[in-house]
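I have placed the structure first, in the form of structure tokens, so that the comments after it can refer back to it.
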There are 2 protein chains.
Amino acid sequence: MKPIGPVNALYPMPTTLVGALVNGRPNFLAVAHVGILNHGTPQYLSIGLHKSHYSNAGIHANRTFSICLPDESLLVETDYCGIMTGKKTDKAALFDVFYGELETAPMIRECPVNMEMKLHDVLDFETHDIFVGVLVQTFAADEVHREGVIDIARLKPLLFDMASKQYWALGTALGQCWGAGKALKRRAAPQET
Amino acid sequence: MKPIGPVNALYPMPTTLVGALVNGRPNFLAVAHVGILNHGTPQYLSIGLHKSHYSNAGIHANRTFSICLPDESLLVETDYCGIMTGKKTDKAALFDVFYGELETAPMIRECPVNMEMKLHDVLDFETHDIFVGVLVQTFAADEVHREGVIDIARLKPLLFDMASKQYWALGTALGQCWGAGKALKRRAAPQET
């Protein structure tokens with residue numbers, strides 16, 4: 001256990017396609033520097049975008065954006081949206097684009113899940129805009145949810161790791177949250193059993 | 001593709017053990033509502049903690065915390081740290097605890113990677129404190145990195161999904177970031193090849 005310098009190891013993260021309306025046209029950007037801020041209603045999520053990106057102005061202007069979740073089958077399209085800039089390329093032409101109630105947050109019908117976000121706040125970091133959004137509506141393909149509960153094994157999210165510069169698949173379920181630890185609780189305090 | 005209500009589907013997220021010194025003693029809390037805010041130096045990361053948690057006061061007081069990354073082998077201990085409260089339980093007794101240069105951010109020798117964080121800001125949400133930290137130092141076991149580049153396949157992170165209430169393993173590498181999309185670039189613009 002040695003110090004290796006301030007290396008960010010908080011990976012993998014879900015790879016997303018962030019949608020914004022920029023100069024009146026939909027654009028999509030690959031973003032994996034995302035965050036879940038709280039747990040509840042309203043639900044706040046964050047995306048961190050370098051200020052050089054084309055989409056930032058559109059999010060500032062419309063105060064809306066989307067977080068679309070591509071699955072494994074969209075790896076090439078997703079990566080393409082991470083390589084190309086909307087300044088020069090119509091990336092939305094790759095997809096069947098649709099809109100929800102916010103009307104200015106473009107989403108992708110090919111993505112199994114899309115989240116429509118209203119801008120809540122912007123954290124102005126030196127090189128990045130951190131857009132904090134409120135989740136307004138989620139759109140999901142029938143195949144990946146049952147009564148609104150997402151089945152992540154069917155979703156097949158595309159995970160991102162910076163160190164390997166690879167997309168990764170989700171593996172197998174390992175154990176129950178708020179359950180597996182009870183064994184240790186019993187061991188630590190046998191009088192409670 | 002139908003609306004299912006504002007369901008947060010931004011999973012899986014890395015499961016972490018957040019360390020804090022509370023009332024002079026180390027405490028660890030399971031946290032998967034985390035975020036990567038920017039990419040660069042300084043590197044900012046966020047953790048979202050419900051205000052009812054025992055650790056929040058310690059992070060406010062010392063302005064330091066740690067983000068420790070348990071691997072699959074620590075599933076039971078990690079879940080235990082998510083079930084039990086530091087108010088009543090000495091969860092640090094489970095681990096070989098060490099400190100880095102900040103001196104008040106307890107870390108776990110059994111975790112293959114530990115990140116030492118200095119508090120940068122707190123976003124005061126109604127029910128949650130969102131602690132934004134600056135990454136000061138990363139400690140990694142020899143087995144999971146080569147010259148400071150983490151090997152995520154060896155790290156075997158414990159991923160969290162809220163819908164299934166399960167911990168999940170990382171799967172296989174699927175393709176190259178900033179590489180796989182080039183095929184589409186060539187297809188879209190064959191004159192460039």
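Quick rundown of the values:
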read-out: Per the axis that maps chain B onto chain A, nearest residue of B (Cβ criterion) and its distance in Å; value: B:Gly35, 1
read-out: Sparsely packed trypsin sites (Lys or Arg not before Pro) within the stretch A:25-89, loop by DSSP, other Cβ within 10 Å at most 14; value: A:Lys51, A:Lys87, A:Lys88
read-out: For B:Ala173, label point 7 Å along C-beta direction: distances to other copies, nm; value: 2.9
read-out: Any cysteine of chain A lacking a neighbouring Cys Cβ under 4.7 Å - listed by number; value: A:Cys81, A:Cys177
read-out: Computed [θ] at 222 nm, helices only, for chain A once each DSSP H run of length n ≥ 4 contributes -39500 (n - 2.57); value: -3500 deg cm²/dmol
read-out: Contour excess over end-to-end distance, with Cα ends at B:Arg25 and B:Tyr99 and 0.36 nm allotted per residue; value: 25.4 nm
read-out: Distance in nm between pseudo-label sites at B:Arg186 and B:Asp151 (7 Å out along the Cβ direction from Cα); value: 3.1
read-out: For the stretch B:74-88, Karplus couplings with θ = phi - 60° (6.51, -1.76, 1.60), whole Hz, Gly/Pro x; value: 9, 4, 5, 5, 5, 5, 4, 5, x, 8, 8, 9, x, 4, 10
read-out: From phi via Karplus (6.51, -1.76, 1.60), per-residue ³J(HN,Hα) for the stretch B:21-38 in Hz, x at Gly/Pro; value: 9, 10, 6, x, 10, x, 9, 10, 9, 6, 9, 10, 8, 10, x, 9, 8, 9
read-out: Calculated from backbone phi, Karplus (6.51, -1.76, 1.60) coupling profile of the stretch A:105-117 in Hz, x at Gly/Pro; value: 10, x, 10, 10, 5, 6, 7, x, 9, 9, 10, 9, 10
read-out: Over 29 Å (Cα to Cα) - which of A:Lys91/B:Lys2; A:Lys165/A:Lys185; A:Lys91/B:Lys165; A:Lys87/B:Lys2; A:Lys118/A:Lys156 fall in this group; value: A:Lys165/A:Lys185; A:Lys91/B:Lys165; A:Lys87/B:Lys2
read-out: Hydrodynamic radius (Kirkwood) for chain B, which is based on Cα pairs only, to one decimal in Å; value: 18.1
read-out: Inter-chain Cβ neighbour average for residues A:45-54, partner chain, 10 Å; value: 3
read-out: Backbone N under 17 Å from the A:Val134 label point (7 Å along Cα→Cβ), restricted to the stretch B:114-142; value: B:124-128
read-out: Rg/Rg_ref, the stretch A:23-81, where Rg_ref = 2.2 N^0.38 Å and atoms are Cα; value: 1.24
read-out: Where GluC sites (Glu not before Pro) in DSSP loops with at most 13 other Cβ within 10 Å are excluded, longest remaining stretch of chain B; value: B:1-100
read-out: Residue-normalised accessible area of chain B, given per residue in Å² at a 1.4 Å probe; value: 41
read-out: Teacher prompt: B:His50 distances to equivalent labels in other copies, 7 Å Cα→Cβ, nm; value: 3.8
read-out: Buried area at the A-B interface (accessible, heavy atoms, 1.4 Å probe, summed, Å²); value: 8600
read-out: Shielding of A:85-91 by partner chains, average beta-carbon count, 10 Å; value: 1
read-out: Other copies of B:Gly24: label-to-label distances in nm, shortest first, labels 7 Å along the beta-carbon direction; value: 6.8
read-out: Per-pair calculated FRET efficiency, R0 = 30 Å: A:Glu143 and A:His50 via Cβ, rounded to 0.05; value: 0.30
read-out: Virtual spin-label span in nm between B:Ser73 and A:Ala57, 7 Å along Cα→Cβ; value: 5.3
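The values are calculated or read from the model by the stated rules, or taken from the named source; none is laboratory data. These numbers were taken from a predicted model, which means no experiment stands behind them. Because the Cβ atoms are built from the backbone with ideal geometry, glycine has one as well, and the counts that use them run over all protein chains shown. The protein model used for the area step is the full one, side chains on, heavy atoms only, and it has no ligands, DNA or RNA in it. Shrake-Rupley method; radii C 1.70, N 1.55, O 1.52, S 1.80 Å.
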